[in-house]
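The values are calculated or read from the model by the stated rules, or taken from the named source; none is laboratory data. Remember, predicted model here, so these are calculated numbers, not experimental data. Neighbour counts run over all protein chains shown; Cβ positions are idealised from the backbone, glycine included. With ligands, DNA and RNA removed, areas are computed over all heavy atoms of the protein, side chains included. Shrake-Rupley method; radii C 1.70, N 1.55, O 1.52, S 1.80 Å.
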Amino acid sequence: MAANQRIWFALGAIALLLFVSTAFAEEDVVILTEENFDKEVGQDRGALVEFYAPWCGHCKKLAPEYEKLATSFKKAKSVLIGKVDCDEHKSVCSKYGVSGYPTIQWFPKGSLEPKKYEGARSAEALTEFVNIEGGTKVKLASVPSSVVVLTDDNFSDIVLDETKDVLVEFYAPWCGHCKSLAPIYEKVAAAYKSEEEVVIANLDADKYKDLAEKYGISGFPTLKFFPKGNKAGEDYDGGRDVDDFVSFINEKCDTNRDGKGQLTSKAGIVASLDALVKEFVSASDDEKKEIFTKIEEEAEKLKGSAARYGKIYLKAAKSSLEKGAGYAKKEMDRLQRLLEKSISSTKADEFTLKKNILSTFSA
């Protein structure tokens, strides 16, 4: 239980724990550790295990293919697709003779004697191997991409749209660094897929050389940001981890997402209304009515997404007046219970916004 408690606190109060016995899944790949390896592998199903290191370029290149494989096999009860971080769990990797990364091994059902995979590192080749070894007939799933693919035909309509903030990766299909960036960039795109005014896109600069030359592209990958107010484009010179991109986009686009696409605790908070709520919370019952009128007037001035948040503030203030000071805390607890259930991303956004705004009334 100690390990699970550490995971819980690390992920935070609103995170969900997804157990697969004592393993948990990141995407559809089962994360294996020193604690759970023997409980998951060599049991009642065959297992394909990737032994990797976080800094390994070949591992990063394999990542999108391996995730595609795991997605394809997630409903196959007789097969487990897992991976072990050898930097963190050295004893497991040493036990199975891992000396280079990535090393992929197949563990038959009921056996801890592995067979090393020597084939191509593509989702297609891995699927064929697992089907043969595991006696399955799984077809490779097509995983939808959240990255917008740019061409000569749609570049202007998408990138130069004054209502959108657009991040563009100029890449070449043969570029190793581009392949390493691909799974990270895909996660960034997935994190912002619910933001209508944010576009994460890429352009094959090898195929569309004229566009690449127009924007001075001389190396790959090159990333440029095209905000609403500057369609000449700005160089992106930040880091290339998911968190680096997320920090950049949140700052430039006034969004509040984390690397998983979930809204942060800052989402929905409007400074002018927040100040009035602080007065509202500490005021007497008679004064609350006067401050409610001020909240109403301030909310009417808001535009765009802020206007939507203003309505939530108003509803919370009205309910607090009618139901008393304990309303906000009770409603936050209810919303937290809903967030811990399996719900759509749209609903999760809705409940998180309400919970964030209600938190200002319970302070």
So the helices (runs of 4 or more DSSP H) completely within the stretch 218-304 holding 2 or more residues that are open to solvent by 40 Å² or more (accessible area, probe 1.4 Å) and of a type in the set (Gly, Ala, Ser) are 271-282
Any residue in the stretch 339-362 that is more than 15 Å from Asp274 (Cβ to Cβ) sitting within a Cβ distance under 7 Å of a residue that is among the aromatic types (Phe, Trp, Tyr)? List the pairs, counting only those 6 or more apart or interchain.
Leu339/Phe351
Selection status of Leu263, of a type in the set (A, V, I, L, M), touching a residue at least 24 places away in the same chain (Cβ under 8 Å) and either on the phi > 0 side of the Ramachandran plot or not assigned by the TED database to the domain that holds Lys179 (or both)
yes
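Results for (1) at pLDDT 95 or above; (2) aromatic (Phe, Trp, Tyr); (3) not assigned by the TED database to the domain that holds Ala182, shown as yes or no for each residue.
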| residue | (1), (2), (3) |
| --- | --- |
| Asn4 | no, no, yes |
| Phe9 | no, yes, yes |
| Ala15 | no, no, yes |
| Lys68 | no, no, yes |
| Ile81 | yes, no, yes |
| Tyr96 | yes, yes, yes |
In the list Ile312, Ile343, which residue meets the criterion of being of a type in the set (A, V, I, L, M, F, W, C), over 24 Å from the mean Cα position of the chain (by Cα) and more than 14 Å from Lys288 (Cα to Cα)?
Ile312
Give the residue, chosen from Gly57, Gly46, Gly42, that is over 20 Å from Ser91 (Cβ atoms), small (Gly, Ala, Ser), at pLDDT 90 or above and assigned by the TED database to the domain that holds Ile81.
Gly46
